[in-house]
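> Sharing a structure with you now.
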Amino acid sequence: SRDTIEYCKTLGAAIGIARGRGCWARCSFCSISSFYRGMKGSSYRVRDSRDVVDEIEFTGKKYNYDRFRFLDDVFVGPGRKGREQVTDLAEEILRRGLTIEYWISTRCDTVEEELFRLLKRSGLVSVFLGLESWCDESLNRLNKDVNANTNRTACEILKKLEVNFNASFIMFDAYSTLGNIAVNFEGI
């Protein structure tokens, strides 16, 4: 349903685009994977890049608007295939000569400099990162399958590329020590 776009435009809000659904990670604090694993089929699915760009192009022209927010829980899928799918999307946007701005959400371990340089060229302006902690001990408890260095590297890459970002953060959990909390506080 696109019945609120005209109103959202007056607020400067982005048009929501669902490229995919679900998440391939296994974070212990998150319900997304559990929710989609309870259904038939894959717990992480994405649409064909051309189909997504068709929707962006059609919607942008129909409503004379160029700001989009990908509603995906995690924009970049796992492994080489995930990177290829996102590359295809960015290249299709560029091939069609679309001038858009868009926002995504993703995990820190999917932030790679060349890939995000391409995404920025295609219109990426902001990233919401699932960072959670600067403390390896906490990240292990949360089943993030990353370490604090991965988180720092993702932030450094986005800063270098001048892509805005903000992050989800879990300052402490039931098993955090004062030392864990101090590491998190110092990392901010």
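The values are calculated or read from the model by the stated rules, or taken from the named source; none is laboratory data. Since the model is a prediction, treat every value here as computed from it, not as a measurement. Cβ placement follows ideal geometry from the backbone for every residue including glycine, while neighbour counts extend to all protein chains displayed. Heads up: the accessible areas ignore ligands, DNA and RNA and are worked out on the full protein's heavy atoms, side chains in. Shrake-Rupley method; radii C 1.70, N 1.55, O 1.52, S 1.80 Å.
> Considering only region 162-181, state which residues are more than 16 Å from the chain's Cα centre (by Cα) and surrounded by 12 or more Cβ atoms within 10 Å (Cβ to Cβ).
Within region 162-181, I170, M171, F172, D173, S176, T177, N180, I181 qualify.
> Just to be sure, is F29 of a type in the set (A, V, I, L, M, F, W, C), open to solvent by 60 Å² or more (accessible area, probe 1.4 Å) and part of a helix (DSSP H, G or I)?
no
> For region 84-113, which residues satisfy the criterion of being closer than 22 Å to W24 by Cβ, part of a helix (DSSP H, G or I) and not acidic (D, E)?
Of everything in region 84-113, those that are closer than 22 Å to W24 by Cβ, part of a helix (DSSP H, G or I) and not acidic (D, E) turn out to be Q85, V86, T87, L89, A90, C108, T110.
> Show the residue pairs that are 6+ apart or on different chains and have beta-carbon atoms under 8 Å apart, the first residue being within region 165-188 and in contact (Cβ under 8 Å) with a residue 12 or more places away in the chain and in a strand (DSSP E or B), the second being open to solvent by 50 Å² or more (accessible area, probe 1.4 Å) and of a type in the set (F, W, Y).
Here the result reads F165/F128; N166/F128; A167/F128; S168/F128, each pair linking region 165-188 to a residue that is open to solvent by 50 Å² or more (accessible area, probe 1.4 Å) and of a type in the set (F, W, Y).
> Continuing with the same structure: Checking the conditions here, which among V46, V86 is surrounded by 15 or more Cβ atoms within 10 Å (Cβ to Cβ) and at pLDDT below 95?
That would be V46, the only listed residue that is surrounded by 15 or more Cβ atoms within 10 Å (Cβ to Cβ) and at pLDDT below 95.
> Please identify the pairs in which a residue from region 72-83 that is assigned to a helix (DSSP H, G or I) has its Cβ atom under 8 Å from the Cβ atom of a residue that is polar (S, T, N, Q) and modelled with pLDDT of 95 or more, counting only partners at least 6 apart or on another chain.
Filtered contacts from region 72-83: G82/T110; R83/T110.
> Mind listing whichever residues of region 126-140 are touching a helix residue (DSSP H, G or I) at 6+ places or on another chain (Cβ under 9 Å) and in contact (Cβ under 8 Å) with a residue 24 or more places away in the chain? Explain how you work it out, then say what you get.
Our first condition is that a residue be touching a helix residue (DSSP H, G or I) at 6+ places or on another chain (Cβ under 9 Å); within region 126-140, this holds for 127, 129-139.
Listed by number, the residues that qualify are V127, L129, G130, L131, E132, S133, W134, C135, E137, S138.
> Cβ contacts < 7 Å: first residue under 15 Å from E156 (Cβ atoms), restricted to region 100-115; second residue in a loop (DSSP other than H, G, I, E, B) and of a type in the set (A, V, I, L, M, F, W, C), any location; separation 6+ or different chain. Result?
C108/V146; D109/V146; T110/V76
> Here is a further query. Checking Y65 against (1) open to solvent by 50 Å² or more (accessible area, probe 1.4 Å); (2) over 22 Å from I157 (Cβ atoms), which test does it fail?
(1)
> Here is a further query. Is there a residue in region 92-106 that is under 29 Å from A174 (Cα atoms) and open to solvent by less than 60 Å² (accessible area, probe 1.4 Å)? Step through it out loud before you land on a result.
The first filter runs over region 92-106 and keeps only residues under 29 Å from A174 (Cα atoms), leaving 105-106.
In the following step, the residues that additionally are open to solvent by less than 60 Å² (accessible area, probe 1.4 Å) were identified as 105-106.
Yes: one or more hits.
> Yes or no: region 140-161 includes at least one residue that is open to solvent by 80 Å² or more (accessible area, probe 1.4 Å), more than 24 Å from W24 (Cβ to Cβ) and not in a helix (DSSP H, G or I).
No, region 140-161 contains no residue that is open to solvent by 80 Å² or more (accessible area, probe 1.4 Å), more than 24 Å from W24 (Cβ to Cβ) and not in a helix (DSSP H, G or I).
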